[in-house]
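Student: Below you will find the structure I want to go over with you.
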Amino acid sequence: MAETITIKNKPNWFIAIFLPFGLLILILIMFVILPIVSAENTYLLSILHYIILLIPFLGFFILFLNIWLWNTFGKVILEISSEKIKVINKNRLFNKSKEYQVFEIEKISILDLAIERTKYNMRLNCLFSKSHYSIVIQKSSKTKRIIDWLTFENANNILEKINEIMKEKIRLSKS
């Protein structure tokens, strides 16, 4: 039987409150203004003109909808069984779940992302928030981030739960 751990996304309230207005404006543009603008004498050309004009607005609508859904209602669900760890991002468009086999995992730990260094820049994540820790899985000399932007206390609690469940699953599979 798989154990589940649900982690609620910490919302950015500015995005949660004001992005729906942007989505409503995009809907107004797509279904009221664009049909009026694309109306021509010939019916076939006006349909083609409307579809061509609709494509970029529809793309931005889907992008903003994805951002708003994840920010407002997003959850990460960890399903831990004796064979695998499954990571599911709820309320995220076009995202499939990720599975990690338990026997491939070398270590589960906490990664501090207060200062992120890349080849070309350095980003300070610790300036505005205390949520800059990630839970990572290390397997075959690669580090995979499974849960991002947690406070240290939350990351520590989740890591303890994962380790308890993993130890119990290993103990039950050996007996």
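Student: Charges at C-beta only: +1 for Lys and Arg, -1 for Asp and Glu. How large is the resulting dipole of the chain about its Cα centre, in Debye rounded to 20?
Tutor: Value, rounded to 20: 500 debye.
Student: Quick check: with the 1.4 Å probe, what order do H49, H132 take by accessible area, largest first? Present the calculation step by step, with values, prior to reporting the outcome.
Tutor: Values: H49 65, H132 20 Å².
So, going from the largest accessible area down, we get H49, H132.
Student: Continuing with the same structure: Across the stretch 46-128, how many lysine pairs, 8 or more apart or on two chains, come within less than 14 Å at their alpha-carbon atoms?
Tutor: Within the stretch 46-128, the lysine pair count is 8.
Student: Right, here's the next one. Run the numbers on the chain and let me know its relative contact order in percent, using alpha-carbon pairs under 8 Å that are six or more apart. Write out the running numbers ahead of the final one.
Tutor: Details: 235 pairs, mean separation 31.6, N = 175.
Once divided by the residue count of the chain, the mean separation gives 18 percent.
Student: Taking a probe of 1.4 angstrom, what is the accessible area of M122 in Å², to the nearest 10?
Tutor: 110
Student: Only sites in a loop by DSSP and with at most 10 other Cβ atoms within 10 Å count here; which chymotrypsin sites (Phe, Trp or Tyr not before Pro) in the stretch 1-57 make the cut?
Tutor: Sites meeting the loop and neighbour criteria: none at all.
Student: Among L53, F21, L113, flag the residue with its Cα farthest along the positive direction of the charge dipole of the chain, charges on Cβ as +1 for Lys/Arg and -1 for Asp/Glu.
Tutor: Projecting each Cα onto the dipole axis, the largest value belongs to L113.
Student: Then there is this: Measure nothing but the geometry: give the 0 to 90° angle between the long axis through the Cα atoms of 13-28 and the longest principal axis through the Cα atoms of the chain, rounded to 10°.
Tutor: 30
Student: If you line up the long axis of helix 152-174 against the longest principal axis of the chain, both from Cα atoms, how many degrees apart are they, to the nearest 10?
Tutor: Long axis of 152-174 versus the principal axis of the chain: about 60 degrees.
Student: Another question, if that's okay. So what's the gap between the Cα centers of the stretch 28-80 and the stretch 111-175, to the nearest angstrom?
Tutor: Going from one Cα centre to the other spans 36 Å.
Student: To the nearest 500 deg cm²/dmol, what mean residue ellipticity at 222 nm is calculated for the chain from DSSP H runs of n ≥ 4 alone, each contributing -39,500 (n - 2.57), summed and divided by the residues?
Tutor: Counting only the DSSP helices, I get -14500 deg cm²/dmol.
Student: Skip the ligands, DNA and RNA, and give the accessible area per residue of the stretch 1-149 with a 1.4 Å probe, whole Å².
Tutor: Here the per-residue accessible area is 69 Å².
Student: Can you pull out the chymotrypsin sites (Phe, Trp or Tyr not before Pro) in the stretch 83-175 whose DSSP state is coil and whose Cβ has at most 10 other Cβ atoms within 10 Å?
Tutor: F94, Y120, F128
Student: A follow-up question, please. Report the charge-dipole magnitude of the stretch 4-100 in Debye, nearest 20, computed about the Cα centre from +1 at each Lys and Arg Cβ and -1 at each Asp and Glu Cβ.
Tutor: 500
Student: Can you pull out the trypsin sites (Lys or Arg not before Pro) in the stretch 101-175 that DSSP calls coil and that have at most 15 other Cβ atoms within 10 Å?
Tutor: Values: sites: K107, R117, K119, R123, K130, K139, K142, K144, R145, K161, K167, K169, R171, K174; in loops: K119, K130.
Sparse-neighbourhood loop trypsin sites (Lys or Arg not before Pro): K119, K130.
Student: Shifting gears a bit: When the accessible area of the chain is computed with all protein chains present and a 1.4 Å probe, what percentage of it is carbon and sulfur? Kindly include the intermediate steps, with their values, before the conclusion.
Tutor: Values: 7650 of 12170 Å².
In the chain, the share of accessible area belonging to carbon and sulfur is 63 percent.
Student: For Kirkwood radius over Cα pairs in Å, which listed value, [x] 16.2; [y] 21.7; [z] 19.5, comes from the coordinates shown?
Tutor: [z]
Student: Now for a different question. Give the relative contact order (percent, whole number) for the stretch 97-169; include only Cα pairs under 8 Å separated by 6+ residues.
Tutor: On the way: 100 pairs, mean separation 20.1, N = 73.
Once divided by the residue count of the stretch 97-169, the mean separation gives 28 percent.
The values are calculated or read from the model by the stated rules, or taken from the named source; none is laboratory data. Fair warning: this is a prediction, and the values are worked out from it, not measured in the lab. Here Cβ is always computed from backbone atoms with ideal geometry, including for glycine, and neighbour counts include all displayed protein chains. The protein model used for the area step is the full one, side chains on, heavy atoms only, and it has no ligands, DNA or RNA in it. Shrake-Rupley method; radii C 1.70, N 1.55, O 1.52, S 1.80 Å.
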